[in-house]
Every structure is written in structure tokens, then in C-alpha cells.
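Just below is one structure, and these are the notes that go with it.
The values are calculated or read from the model by the stated rules, or taken from the named source; none is laboratory data. No experiment lies behind these values; they were computed from the predicted model shown. Here the Cβ positions follow ideal geometry from the backbone for every residue, glycine too, while neighbour counts run over all protein chains shown.
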Amino acid sequence: MGLHGEGERWKGDSVSINWTYGCIALDDDQIEFLAERAPAGTPVIIRP
């Protein structure tokens, strides 16, 4: 499980299919913003 953006493969298709396979999906802009501020391996707490 991980955090990821839409990426080129799913660009535009993510609205109609399950492209996350249990991961937390973000817009590409959001994942780029996060990647600039939190290096890989940074603990993330997701609250409802």
C-alpha cells in the first residue's frame, strides 16, 4: 500500500476505474507537493 498520483498511465481514466488497488490516490499536483516536503519513508497518519 502506498501514496501515489494518477500518472501518465491512468491520466483521465481514474474517474471511471479502480486504479488505486488499495493505495491512497492523490492528484499528480498533490503528490508532487507532498514529495517535495516529505521524503520517502516519512510516516503518514491518515485519519477519517
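In the set (1) at pLDDT 75 or above; (2) in a loop (DSSP other than H, G, I, E, B), the condition left unmet by residue 31 is number (2).
Every residue, every condition in (1) modelled with pLDDT under 80; (2) surrounded by 13 or more Cβ atoms within 10 Å (Cβ to Cβ); (3) among the hydrophobic types (A, V, I, L, M, F, W, C), yes or no:
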| residue | (1), (2), (3) |
| --- | --- |
| 1 | yes, no, yes |
| 9 | yes, no, no |
| 18 | yes, no, no |
| 21 | yes, no, no |
| 39 | no, no, no |
| 47 | no, no, no |
